[in-house]
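Student: Below is one structure. I have some questions about it.
Laboratory data are not the source of any read-out in this text; all were calculated from the coordinates shown. In this text the structure is predicted, and so the values were computed from the model without any measurement. Here the Cβ positions follow ideal geometry from the backbone for every residue, glycine too, while neighbour counts run over all protein chains shown.
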Amino acid sequence: MKRYLNFFIALIAIQGDLYAAEAGMPQLDPKYWASQAFWLILVFTVLYFSISKFYLPKIKNNLDDRENKINDDIEDANKSKELSESKLKEYEKILEDAKKEVIKIQIESKAKLDKDIHEKKEKIEKEIEKELIQAQKEITELKKNSISDIHNISKEIATNIIENISGDKLNESSIKAAVEEISKKNVGKYL
Amino acid sequence: MAGNPMQQFSVHKIGPEINIGGVDLSFTNASLFMVISAAIILIFLFVGTKEKKIIPGKVQLIAEMFYTFVAKMISDTAGSKAKPYFPFIFSLFMFVLFCNMVGMLPYSFTVTSHIIVTLIMALFIFIAVTIIGFAKHGFKYLTIFVPSGVPAVLLPLITVIEIISYLSRPVSLSVRLFANMMAGHTMLKVFGGFVISLGLLGGWLPLSFSVALTGLEILVAFLQAYVFAILTCIYLNDALNLHH
């Protein structure tokens, strides 16, 4: 690396020597200064006017158009968003109303059902009571009837028993009186 | 043409001599490359604005990028008051950039590597900015030399420094661009000369330097155009918004 560097330095020195005769900056030669100034001003003026009068407005218009389009699009999107949000709210409201309605219907039907059930229950209870009373009556009747039946059966049984045991025939009316007496004593136990 | 690294900057006449009032205004290679650069800009902008598409094509996109780049540069440095000067700064930026870039082509001529060209542009900007400053603020524009918040003892010194720095603006503006372009191109030429003189064996190292330097020079070409334009914006800002 160092060898290369030395080589370069030597070369620069040689080149410097070679071109020493014509060395110097052409920039400092005033021969064409006026020409350069003149052409610079001319070219730049033309460039400036064509850019400022023609191209920049075009670019600006296009950029503005694009910005307007983007803004319009954003506005549209926002509008759509708002619309969808309001629709969503509407939908939610409908849903809520429906829910309320459902609850209301539920309560109403429950009340109705309760009333119905209550009424039917009362009716049935009344009927049952009626039937109970009826049954009670029938039972009482049956009991009454059964007492005389029992009397008769007891009398016959007693007659038969006496007949079979003693072989005598007793007076029916005396047997009947005895049975009645016993049954009167004991009927309270069973009825 | 080969050899002398300064040869590339020499100006020579093309076509007949044009002499107006004893002043030589002949068309030269410098004039030719000014015309070429301007023509490239105009063709580029023509193609870029030919179709007004919502979704831009490649050339349209680049043209619009240049527009927004310069517009942003101006609004960032000089504010909204500088809007009327947008076309000028845009033209200036494009002209300097394309002159620099065209100068990067081999065998071409770099217009901006001549002090007279950059000096005229810088002087125009300097004078225009000064006129704008006085037109907007009258004699109050002179307060640009008196920064606020400076101790009274230092004020005379600061004012002198401010005046010198203000007056050296055209020099610094023009010399910066000219020196950068000239130095870069001279260096490229020197390394190019090394490639030839070292031949097939030793020429590879300077060749690789040359390649790297070409990349650097393209960066410098863009950067110097940007610096030239942004300094113009800053000077304009001083003239438009007088608060130092």
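Student: With respect to the cross-link table entries A:Lys58/B:Lys136; A:Lys31/B:Lys136; A:Lys81/B:Lys52; A:Lys137/A:Lys176; A:Lys31/B:Lys72; A:Lys89/B:Lys72, which display a Cα-Cα separation exceeding 32 Å?
Tutor: Numbers: A:Lys58/B:Lys136 30 Å; A:Lys31/B:Lys136 39 Å; A:Lys81/B:Lys52 30 Å; A:Lys137/A:Lys176 28 Å; A:Lys31/B:Lys72 40 Å; A:Lys89/B:Lys72 44 Å.
Over 32 Å Cα-Cα: A:Lys31/B:Lys136; A:Lys31/B:Lys72; A:Lys89/B:Lys72.
Student: Related question: Arranged from highest to lowest average of other beta-carbon atoms within 10 Å per residue, in what order do the peptides B:92-102, A:106-116, B:205-215, A:50-60 appear?
Tutor: Values: B:92-102: 23.9, A:106-116: 10.0, B:205-215: 15.3, A:50-60: 16.9.
Sorting B:92-102, A:106-116, B:205-215, A:50-60 by mean packing, highest first, produces B:92-102, A:50-60, B:205-215, A:106-116.
Student: Rounded to two decimal places and with Rh computed the Kirkwood way over Cα pairs, what is Rg over Rh for region A:39-190?
Tutor: On the way: Rg = 56.0 Å, Rh = 27.7 Å.
Here the Rg-to-Rh quotient is 2.02.
Student: Now for a different question. I need the helices of chain B that pass two filters: whole DSSP H segments spanning 24 Å or more by Cα along the axis, and mean Kyte-Doolittle score no lower than 0.0. If you can, show how the numbers build up before the last one.
Tutor: Numbers: long enough: B:29-50 (30 Å, 1.97); B:58-78 (29 Å, 0.68); B:86-103 (25 Å, 2.07); B:115-137 (32 Å, 2.36); B:169-202 (48 Å, 1.04); B:204-240 (53 Å, 1.56).
Sorted by number, the helices that extend far enough and score high enough are B:29-50, B:58-78, B:86-103, B:115-137, B:169-202, B:204-240.
Student: Largest first and in whole Å, what are the equivalent-ellipsoid semi-axes of region B:29-87 based on the Cα gyration tensor, each being the root of 5 times an eigenvalue? Write out the running numbers ahead of the final one.
Tutor: Values: eigenvalues 108, 79, 13 Å².
So the three semi-axes of region B:29-87 are 23, 20, 8 Å.
Student: Ranked highest first by average number of other Cβ atoms within 10 Å, how do B:42-49, A:129-136, B:165-172 line up? Write down the numbers at each step before the final one.
Tutor: Values: B:42-49: 17.9, A:129-136: 10.2, B:165-172: 14.4.
The packing order, highest mean first, is B:42-49, B:165-172, A:129-136.
Student: In addition: What list of whole percents do you get for P(r) of region B:7-240, with Cα-Cα distances grouped in 10 Å bins up to the one holding the largest distance?
Tutor: Taking all Cα pairs of region B:7-240, the binned fractions are 7, 24, 29, 23, 13, 4, 0 percent.
Student: Let me ask something else about it. Given the options B:Thr130, B:Thr68, B:Thr112, which has the most mean-square fluctuation in a GNM of chain B, springs set between C-alpha atoms less than 10 angstrom apart?
Tutor: Of the options given, B:Thr68 has the highest mean-square fluctuation.
Student: As an exercise, take the mean of 1/r over every pair of distinct alpha carbons in region B:159-218, invert it, and state the Kirkwood radius in angstroms.
Tutor: Details: mean 1/r = 0.0736 Å⁻¹.
Here the Kirkwood hydrodynamic radius works out to 13.6 Å.
Student: Given the DSSP H assignment, sum -39500 (n - 2.57) over each helix run of at least 4 residues in chain B and divide by its residue total; what's the result at 222 nm in deg cm²/dmol, nearest 500?
Tutor: One gets -24500 deg cm²/dmol as the mean residue ellipticity at 222 nm.
Student: Enter the mean number of other protein chain beta carbons within 10 Å of the beta carbon of each residue in B:17-29, as an integer. Intermediate results must be reported in sequence, preceding the final value.
Tutor: Numbers: counts 1, 2, 0, 2, 0, 1, 5, 6, 8, 6, 3, 5, 1.
Across the residues of B:17-29, the mean count of other-chain Cβ atoms within 10 Å is 3.
Student: Continuing with this model, one more query. When the Kirkwood hydrodynamic radius is evaluated over all pairs of different C-alpha atoms of region B:1-142, what value in angstrom, to one decimal, is obtained?
Tutor: On the way: mean 1/r = 0.0556 Å⁻¹.
Taking the inverse mean of 1/r over all distinct Cα pairs, region B:1-142 comes out at 18.0 Å.
Student: Per residue of B:115-124, how many C-beta atoms from partner chains lie within 10 Å of its own C-beta, taken as a mean?
Tutor: Details: counts 5, 11, 7, 2, 2, 7, 3, 0, 0, 3.
That average works out to 4.
Student: Shifting gears a bit: Please compute the Cα-Cα pair-distance distribution of region B:103-231 with 5 Å bins starting at 0, giving whole percents from short to long.
Tutor: Binned Cα distances yield the sequence 2, 9, 14, 14, 13, 11, 9, 8, 6, 5, 4, 2, 1, 0.
Student: Next question. Hey, what D do you get for the protein assembly as shown in µm²/s if you plug the Kirkwood alpha-carbon radius into Stokes-Einstein at 10 °C and 1.306 mPa s? Don't jump to the answer; show the numbers that get you there.
Tutor: Working: Rh = 31.9 Å.
Taking Rh from Cα pairs, D becomes 50 µm²/s.
Student: Of the peptides B:198-204, A:79-85, B:35-41, how do they stack up when ordered by the mean number of other Cβ atoms within 10 Å, highest first? Walk me through the intermediate numbers first.
Tutor: Values: B:198-204: 11.9, A:79-85: 10.0, B:35-41: 19.1.
Ranked from most to least packed, the peptides come out as B:35-41, B:198-204, A:79-85.
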